[in-house]
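Worksheet for the structure shown next.
The values are calculated or read from the model by the stated rules, or taken from the named source; none is laboratory data. Worth saying up front: this structure is predicted, and the values here are computed from it rather than measured. Cβ placement follows ideal geometry from the backbone for every residue including glycine, while neighbour counts extend to all protein chains displayed. Protein only, heavy atoms only, side chains kept; ligands, DNA and RNA dropped before computing areas. Shrake-Rupley method; radii C 1.70, N 1.55, O 1.52, S 1.80 Å.
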Amino acid sequence: NAGVTQTPKFQVLKTGQSMTLQCAQDMNHNSMYWYRQDPGMGLRLIYYSASEGTTDKGEVPNGYNVSRLNKREFSLRLESAAPSQTSVYFCASSELGTSVSEQFFGPGTRLTVL
Amino acid sequence: RKEVEQDPGPFNVPEGATVAFNCTYSNSASQSFFWYRQDCRKEPKLLMSVYSSGNEDGRFTAQLNRASQYISLLIRDSKLSDSATYLCVALGVGFKTIFGAGTRLFVKA
């Protein structure tokens with residue numbers, strides 16, 4: 001099993017460009033999450049999907065959209081990238097809600113917006 | 001004030017030392033707590049859950065003090081391989097997950 005996979009691993013964008021970060025899990029988990037990690041800030045939840053067909057905002061959703069394409073896949077879209085969105089983005093999944101189960105993380109996408 | 005606060009360190013300790021990390025959380029409604037480990041430029045991975053009664057896993061011991069709203073992690077007999085960043089996590093109602101910024105540990109030979 002690959003666990004949680006993310007593509008791409010690295011990306012450089014110019015301000016105003018758009019892109020989609022892809023995430024897939026093969027553990028049959030119900031819940032999936034997108035985080036960003038910035039120096040000194042820890043991981044912050046952008047959006048989550050409790051189950052297939054549902055998505056909700058986390059702590060820092062502005063400037064992002066998500067799609068839970070099916071049970072396996074959860075994508076994050078930046079419609080008009082800004083330098084403030086330069087960060088490392090992690091996707092995670094868990095069997096149930098976070099209060100009862102471990103989250104498994106993907107390897108991350110390192111995004112730079114110029 | 002951050003909802004979950006950790007001493008950023010770094011903690012520099014020799015092999016074999018005992019080191020303790022503390023973490024405080026501000027939301028008394030937080031229901032579950034975890035410690036994650038993150039190696040440089042890697043993803044976080046679960047180290048251990050934190051229970052009110054305290055729990056131990058080999059050289060690692062985690063404690064929760066709900067009255068004072070803090071969580072601790074004790075590492076005994078430190079190894080070089082313990083060098084990493086340790087993330088404290090508090091989970092609130094539903095899916096609200098709050099990570100601390102992490103404490104960096106360097107174990108020296």
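Just to be sure I follow: if Rg is taken over the C-alpha atoms of the protein assembly as shown and Rh is the Kirkwood radius over the same atoms, what is Rg/Rh? Write down the numbers at each step before the final one.
Details: Rg = 17.5 Å, Rh = 18.0 Å.
Ratio of gyration radius to Kirkwood radius for the protein assembly as shown: 0.98.
B:THR18 sits among other residues whose Cβ lies under 10 Å from its own Cβ, and their net charge, with Lys and Arg +1 and Asp and Glu -1, is +1. For A:GLU59, the residues 5 or more places off, or on other chains, whose built amide H falls under 5 Å of its own are A:LEU45, A:ILE46. Overall, the ratio between the Cα radius of gyration of the stretch B:1-106 and 2.2 N^0.38 Å, rounded to two decimals, is 1.01. The listed residues B:ASP77, B:ASP57 rank as B:ASP57, B:ASP77 when sorted by accessible area, largest first, using a 1.4 Å probe.
Over the C-alpha atoms of the stretch B:53-109, the Rg to Rh ratio, Rh being the Kirkwood estimate, stands at 1.02. Partnerless cysteines in chain B, where a partner means another cysteine C-beta under 4.7 angstrom, comprise B:CYS40. Derived from the Cα gyration tensor, the three semi-axes of the equivalent ellipsoid of chain A are 22, 14, 13 Å, largest first. Pairs exceeding a 31 Å alpha-carbon distance, out of A:LYS57/B:LYS108; A:LYS71/B:LYS79; A:LYS57/B:LYS2; A:LYS57/B:LYS79; A:LYS57/B:LYS42: A:LYS57/B:LYS108; A:LYS71/B:LYS79; A:LYS57/B:LYS79. Counting Cβ atoms of other protein chains within 10 Å of each Cβ in A:43-54 and taking the mean gives 2.
Summing charges over neighbours of B:ILE98, with a neighbour being any other residue whose Cβ is under 11 Å away from its Cβ, gives 0 when K and R count +1 and D and E count -1.
What the phi angles of the stretch A:58-73 give under the Karplus curve with 6.51, -1.76 and 1.60, with θ = phi - 60°, is a coupling list of x, 7, 10, x, 5, x, 10, 9, 9, 9, 9, 5, 6, 5, 7, 10 Hz, glycine and proline written as x. Residues whose amide H comes within less than 5 Å of that of B:ASP7, counting only those at least five positions distant or on another chain, are B:ASN22 (H built at 1.01 Å from N in the peptide plane).
I'd like the antiparallel share, as a percent to the nearest 5, of DSSP beta bridges with both residues in the protein assembly as shown.
90
For B:PHE60, the accessible area of its heavy atoms, probed at 1.4 Å with every protein chain present, is near 30 square angstrom. Scanning chain A for trypsin sites (Lys or Arg not before Pro) that sit in a DSSP loop and have at most 11 other Cβ atoms within 10 Å, the longest stretch containing none of them is A:15-114.
Accessible surface area normalised per residue over chain B is 49 Å², counting heavy atoms of protein chains with a 1.4 Å rolling probe. The mean sequence distance of close C-alpha pairs (under 8 Å, at least 6 residues apart), as a share of the length of chain B, puts its relative contact order at 38 percent. Phi angles across the stretch B:52-62 convert, under the Karplus curve 6.51 cos²θ - 1.76 cosθ + 1.60 with θ = phi - 60°, into 3J(HN,Hα) values of 4, 7, x, 8, 10, 9, x, 7, 10, 10, 10 Hz, Gly and Pro given as x. In plain terms, chain B is cut at each of the trypsin sites (Lys or Arg not before Pro) found in a DSSP loop with at most 14 other Cβ atoms within 10 Å, and the longest leftover piece is B:3-40.
Among A:MET27, A:GLN85, B:THR97, which residue has its Cα furthest toward the positive end of the charge dipole of the protein assembly as shown, with +1 on Lys/Arg Cβ and -1 on Asp/Glu Cβ? Toward the positive end, the furthest listed residue is A:GLN85.
Between amide H atoms placed 1.01 Å from N, distances below 5 Å from B:ALA17 occur with B:SER78, all of them 5 or more places distant or on a separate chain.
Counting only protein chain heavy atoms and rolling a 1.4 Å probe, the accessible areas of B:LEU80, B:LEU47 rank, largest first, as B:LEU80, B:LEU47. A Gaussian network model of chain B, with springs between Cα atoms under 10 Å, assigns the largest mean-square fluctuation among B:THR24, B:THR97, B:THR85 to B:THR97.
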